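K.L.:
Got a structure for you, written out below as structure tokens; questions coming shortly.
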Amino acid sequence: MNDELKNTLIIDSDFHIRQSIRFFLERDGYIVDTAGNANEAIYKTKNNQYNVIIASYNLSDLKGIDLLDTINNNNPSSGELIFISDTPDMKEAIASIRRGAFDYLSKPFEIEKMSFLVNKAVEKQILIKEIINLKSGFWGPLKNVVAAIDARDHFLSGHSEKVRDYAVRIAYEMGLSKKETKDIELAALTHDIGMIGVPVIFIGSGLSEKDREHIRMHPVIGARILGMNPLFEPVLPLVLNHHETSDGTGYPEGRKDDYIPIGAGIIGIAEVYDAITSDRSYRKAKSRDDGRNEVLMEGRKFHPDIISAFKRIF
Ligand SMILES: [Fe+2]
């Protein structure tokens, strides 16, 4: 474990819960601090840097999302927050993850599941740190970071590299400038980096509508993470809009036509083509011909110039 990233805080009014979580985290090598109420927690998070905060959603003096907002306002670089709740409530879980919580567990939970989530939260912080620290000569380390994120679901291994390859070919075919093509290459490689903010339980499983809500947040999370390094400024609109489609059925905003940057559309079509022609947990890869036909059947979703270039290449 990275020694700099092992400070944790447990916030719960129940002494026994604090102690049992403490026991297991200390077993895993974490340094554990505790707070019995929101006031104490707010004081501690103002004055200390924690990497992971585990908080009861149902504290009597300040409830879930208000606690999250207060901690983040007081200390914007405070660690990943995992909520534990007395009652399973999917709406509550989605709302808190939307506001920036790392994950949400309802009681009773297996302590091993908690250890797993804490380790994942630290892993996320390590990857974000690496992105923030990327400087010149960054392609090698960046590829490693992207590969690590894709590998969270083995069906997505290599996905970002393939999308990058397809997107660059389309941009080149469309005769875009060197600068535009370079930006598209960087955005294509990093387009799904926001998947690091999607809880692991929602990746690769049979997806329900609720699961999809989490997945649909990844362009926003990705742009937020990349925005921490000025190097990525030109690519943020491409990452943010890579799932928007010309017919307005995309996400996160349901933008249409001219409101979608051309580079975002190129990454979008490349991603769809790769998804169809790669194995997924729920089906086998389809052939390149099938991939081409399926993309063309959805032609209304992409700018006509992108479709023309796609047809000439694939
Ligand atoms: Fe994506």
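The values are calculated or read from the model by the stated rules, or taken from the named source; none is laboratory data. Here the structure is a predicted model, which means the values were calculated and not measured. Cβ placement follows ideal geometry from the backbone for every residue including glycine, while neighbour counts extend to all protein chains displayed. Side chains included, ligands, DNA and RNA excluded: accessible areas come from the protein's heavy atoms. Shrake-Rupley method; radii C 1.70, N 1.55, O 1.52, S 1.80 Å.
K.L.:
How big is the chain on each of its three principal axes, counting only the C-alpha atoms and giving the largest first in Å?
P.N.:
66, 40, 32
K.L.:
When ranked by the protection proxy of mean other Cβ atoms within 10 Å per residue, highest first, what sequence do the peptides 18-30, 256-268 form? Display every interim value, and only then the final one.
P.N.:
Values: 18-30: 15.5, 256-268: 21.5.
Most protected by this proxy first, the peptides run 256-268, 18-30.
K.L.:
Which whole-angstrom value gives the distance between the alpha carbon centres of the range 99-152 and the range 262-310?
P.N.:
The range 99-152 and the range 262-310 have Cα centres separated by 28 Å.
K.L.:
On to the next question. Leaving out ligands and nucleic acids, note down the accessible area per residue over the range 136-313 with a 1.4 angstrom probe, in whole Å².
P.N.:
Accessible surface, normalised per residue, equals 47 Å².
K.L.:
Note the angle between two axes, namely the Cα long axis of helix 178-190 and the longest principal axis of the Cα atoms of the chain, as a number of degrees from 0 to 90, rounded to the nearest 10.
P.N.:
40 degrees
K.L.:
Something else now. Take I313 and N119, extend 7 Å from each Cα along the Cα→Cβ direction, and tell me the distance between the two endpoints in nm.
P.N.:
Modelled inter-label distance: 3.9 nm.
K.L.:
Continuing with the same structure: Angle between the Cα long axis of helix 288-297 and the longest principal axis of the chain, 0 to 90 degrees, nearest 10?
P.N.:
90 degrees
K.L.:
I've got another one for you. For the pair N133 and D305, what calculated FRET efficiency results from E = 1/(1 + (r/R0)^6), where r is the Cβ-Cβ distance and R0 = 41 Å, to the nearest 0.05? Before the final figure, lay out each step's value.
P.N.:
Values: r = 37 Å, r/R0 = 0.91.
It comes out at approximately 0.65.
K.L.:
With a 1.4 Å probe and all protein chains left in place, how much accessible area per residue does the range 1-135 have, in Å²? It would help to have the intermediate numbers written out before the result.
P.N.:
Numbers: 6430 Å² over 135 residues.
Using a 1.4 Å probe on heavy atoms only, each residue of the range 1-135 averages 48 Å².
K.L.:
I've got another one for you. Going through the range 62-113, which chymotrypsin sites (Phe, Trp or Tyr not before Pro) have at most 15 other Cβ atoms within 10 Å and a DSSP loop state? Each step should come with its number before you reach the end.
P.N.:
Values: sites: F83, F102, Y104, F109; in loops: F102, F109.
Sparse-neighbourhood loop chymotrypsin sites (Phe, Trp or Tyr not before Pro): F109.
K.L.:
So, one more: Considering the Cα trace of the range 136-313, what is its radius of gyration and what is Dmax, both in angstroms?
P.N.:
Radius of gyration, then largest Cα-Cα span, for the range 136-313: 15.2, 41 Å.
K.L.:
What is the percent carbon and sulfur in the accessible area of the range 136-313, measuring with a 1.4 Å probe over the protein chains and ignoring ligands?
P.N.:
Values: 4430 of 8290 Å².
Exposed carbon and sulfur together represent 53 percent of the surface.
K.L.:
Using alpha carbons only, how many degrees (0 to 90, rounded to 10) separate the axis of helix 38-47 from the longest principal axis of the chain?
P.N.:
Taking the Cα atoms of the chain, the angle to 38-47 is about 70 degrees.
K.L.:
I've got another one for you. Rg/Rh for the range 81-165 to two decimals, with Rh computed the Kirkwood way over all alpha-carbon pairs. Can you show the working numbers first?
P.N.:
Details: Rg = 16.1 Å, Rh = 15.0 Å.
Here the Rg-to-Rh quotient is 1.07.
K.L.:
Right, something else. Mind ranking 223-229, 111-117 by how tightly packed they are, going by the mean number of other C-beta atoms within 10 angstrom, highest first?
P.N.:
Those peptides, ordered most packed to least, come out 223-229, 111-117.
K.L.:
Still on this structure, please answer the following. What 222 nm value per residue comes from the helices of the chain, counting each DSSP H run with n ≥ 4 as -39,500 (n - 2.57) and dividing by all residues, nearest 500 deg cm²/dmol?
P.N.:
On the way: 14 runs with 162 residues, N = 314.
Roughly -16000 deg cm²/dmol at 222 nm, from the helical runs in the chain.
K.L.:
So what's the projected area for the range 3-128, the Cα convex hull averaged over all directions, in nm²?
P.N.:
Values: hull surface 27.3 nm².
Its average projected convex-hull area is 6.8 nm².
K.L.:
Pop the C-beta distance of S177 and F24 into the FRET formula with R0 = 51 Å and round what comes out to the nearest 0.05. Write down the numbers at each step before the final one.
P.N.:
Numbers: r = 54 Å, r/R0 = 1.07.
That gives a FRET efficiency of 0.40.
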